[in-house]
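Each remark here refers to the structure printed beneath this line.
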Amino acid sequence: MICWYGHACFKIDRVLVDPFVPNPLCNIGYEEVVKGVEVIAVTHGHSDHLGNTVEISKRYNIPVVSNHEISVYLGKQGVAAEGMNIGGTIEIKNSKLTMVKAEHSSDIDENTSGGVAAGYIINDRVYHAGDTGLFGDMKLIGEIYSPKVVLLPVGGRYTMGPEEAVKAVEYLNPKVFIPMHYNTFPLIEQDISGLVKKVEEMGVKVVVPKVGECLDL
Ligand code: NI
Ligand code: MN
């Protein structure tokens, strides 16, 4: 099951990724979003991804998976944090997460490094790319993990945009593509109609969930 809560926030089975809720696209609070969640996964340190991680984790006693540097930062705030790094896999509760590279930055604030940004392969099925530009090793990610569903940022400016996303989908060769990280703020507004058309022409299903919608994928 995959639910979208705007921006890069998804619930993938029992894993909540980048819990920035509510946000300008989503007025659903984390009290609702957290239902059924056993693990929180954070892709990088920027506030639109780290979001309400500390509050949710402590209030509901849910462990957080992140890179090593963010786990140290979270640990100092009393969060049950499990650090890992790119290329590694963690099996936690009933979920399996493999951390893969992303081309992006990750500072938490001007004084706190958040290590290196990442994406995740979740339960051998879903690739959440985090914030990233296009990179050639997406082809390798497609070959090794064969993700059925890929979630890619398409907003441009801070991540890749629609044109690069077409190439990313080609590299990853999934069954289903879900665009994310667009139209949340004016700076990442995008018309994705051209992208949708090109990806469908490749024989890949494009799913654009409504905010708060859960799909059986
Ligand atoms: Ni970012
Ligand atoms: Mn972002």
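The values are calculated or read from the model by the stated rules, or taken from the named source; none is laboratory data. Please read these numbers as outputs of a predicted model, since none were measured by experiment. Please note: Cβ atoms are built from the backbone with ideal geometry, for glycine as well, and neighbour counts cover all protein chains shown. Remember, those area values only see protein heavy atoms, side chains included, never the ligands or the DNA or RNA. Shrake-Rupley method; radii C 1.70, N 1.55, O 1.52, S 1.80 Å.
Some values worked out for this structure:
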read-out: Within segment 88-112, tally of residues that are open to solvent by 70 Å² or more (accessible area, probe 1.4 Å) and away from ligand 2 (no atom under 15 Å from the Cβ); value: 6
read-out: Residue tally, condition in contact (Cβ under 8 Å) with a residue 40 or more places away in the chain, in a loop (DSSP other than H, G, I, E, B), within 14 Å of ligand 2 (Cβ to nearest atom) and open to solvent by 10 Å² or more (accessible area, probe 1.4 Å), over segment 6-54; value: 4
read-out: Subset tally (residues that are buried (at least 20 other Cβ atoms within 10 Å of the Cβ), part of a strand (DSSP E or B) and free of Cβ contacts under 8 Å to residues at least 40 places away in the same chain) for segment 67-82; value: 1
